[in-house]
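Below you'll find the structure, written out as structure tokens, and then a few comments.
The values are calculated or read from the model by the stated rules, or taken from the named source; none is laboratory data. The structure presented is a predicted model; accordingly, all values stated were derived computationally and were not measured. Quick reminder, even Gly has a Cβ in these numbers, built from the backbone with ideal geometry, and neighbours come from all protein chains shown.
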Amino acid sequence: MAFPATRMRRLRRTAPLRDLVRETRLNVADLVMPLFVEEGISQPVPVEAMPGVSRLPLDALAREAGEIAALGIPAVLLFGIPADKDDEGSGAWADQGVVQEATRAIKAANPQLIVIADLCLCEYTSHGHCGLLGDEGAVDNDATLELLARTAVSQARAGADVIAPSDMMDGRVGTIRAALDDEGFTDVPILAYSAKFASAFYGPFREAAGSSPAIGDRRSYQMDPGNAREALREVQLDVDEGADMIMVKPALPYLDVIRRVADATSLPVAAYNVSGEYAMVKAACAAGWLDERAAVLETLTAIRRAGADIVISYHAKDAARWLQAT
Ligand code: PBG
């Protein structure tokens, strides 16, 4: 009996040959580390469901950013937790706001580290929703756009290199682009959270950012997990409105969506390996059920293989260290 001629087994036998034929590589240059900065605290506050992750005061944040840069990680994704919240989320666009101050501090100490400012009102609103609430208690899409634009401009003014709207309001990318351009920030790109699913895996983040909705949930503005074609429509809308990079979030339950988005757009694609995905791995590793290094490097490589150019992960620092050691 004749077998098809393949020498794949031989190619896999030694590390140099395995490397030579590897299709997808995970590089430290692909990684983005999310960071939480909180106003009015003097010590880091650990996030219970995310071992190793803390809400940081400004001085600790600047040190952490230095470590991240020293590991060769090119970018951080910055989330702010203000001391005070209100109905509108006015802390989001305050010139001395927590993200604005943090951006200045990071850029002053690490000019080459890319600061991606997450743009959303949910950390700043007293009700915890990503937009203004209208009379009916529903999010008022159009009224929210103006506040997002204001926030984007104030983040860019503080020195943010990339603006990343994560609210999922319709029309936000176009509105933010126009506002940035009007203020002279034509070179500041937009990383659009285009395909953001209404996911159970954001649970630990909401503890970290203090952004759980006080009433209701986010299913009216975030996507239904059953929909993949809708993700392609959302991506197309954001591309048409001027997005420069596209995000799919979460990553692991949506690897197929990452692939379809990567095939459908020529823009760089980012995937967000979110808080709940991190928490799952951490819990299993703490119980001794998984080997953390192997599980994380496999996961992050799989996200790249699915089509992500950029991988946002709370494991970014660990991964950078492990990649250095291999
Ligand atoms: C919303 C936002 C969320 C995350 C990033 N930006 C949560 C949400 O929509 O409730 C989640 C990230 C994570 O879980 O790690 N501003």
| Which number in (1) assigned to a loop (DSSP other than H, G, I, E, B); (2) under 17 Å from residue 189 (Cα atoms); (3) within 13 Å of the ligand (Cβ to nearest atom) marks the one condition that residue 159 misses? | (3)
| query | Can you find even one residue in the stretch 120-141 that is over 19 Å from residue 216 (Cβ atoms) and within 16 Å of the ligand (Cβ to nearest atom)? | reply | no
| said: Tell me yes or no: at least one residue of the stretch 121-143 is assigned to a helix (DSSP H, G or I), aromatic (Phe, Trp, Tyr) and either buried (at least 24 other Cβ atoms within 10 Å of the Cβ) or in contact (Cβ under 8 Å) with a residue 60 or more places away in the chain (or both). | reply: no
| task | Scan the stretch 217-224 and give yes if some residue there is surrounded by fewer than 18 Cβ atoms within 10 Å (Cβ to Cβ), at pLDDT 95 or above, more than 18 Å from the chain's Cα centre (by Cα) and within 16 Å of the ligand (Cβ to nearest atom), otherwise no. | result | yes
| query | With respect to residue 231, is the statement that it is within 9 Å of the ligand (Cβ to nearest atom) and among the small types (Gly, Ala, Ser) true? | reply | no
| task | For the stretch 156-167, name all the residues that are touching a residue at least 60 places away in the same chain (Cβ under 8 Å) and crowded, with 24+ Cβ neighbours inside 10 Å. | result | 160, 164
| message | Let me confirm something: among 136, 123, which residue is touching a Ser or Thr at 6+ places or on another chain (Cβ under 7 Å) and within 23 Å of residue 224 (Cα to Cα)? | response | 123
| message | Based on this model, can you work out whether residue 178 counts as farther than 23 Å from residue 244 by Cβ, among the aliphatic types (A, V, I, L, M) and surrounded by fewer than 18 Cβ atoms within 10 Å (Cβ to Cβ)? | response | no
| request: Would you please list the contacts, defined by Cβ atoms under 7 Å and residues six or more apart or on different chains, that run from a residue in the stretch 21-49 that is farther than 17 Å from residue 79 by Cα and away from the ligand (no atom under 16 Å from the Cβ) to a residue that is aliphatic (A, V, I, L, M) and modelled with pLDDT under 95? | output: 21/11
| said: Here is a check on your reading of the model: is residue 246 more than 11 Å from the ligand (Cβ to nearest atom), buried (at least 24 other Cβ atoms within 10 Å of the Cβ) and modelled with pLDDT of 95 or more? | reply: yes
| message | Is it the case, given these coordinates, that residue 291 is within 14 Å of the chain's Cα centre (by Cα), away from the ligand (no atom under 16 Å from the Cβ) and among the charged types (D, E, K, R)? | response | no
| said: Checking the structure you have, find out if any residue of the stretch 94-110 is within 16 Å of the ligand (Cβ to nearest atom), modelled with pLDDT of 95 or more and of a type outside the set (Gly, Ala, Ser). | reply: yes
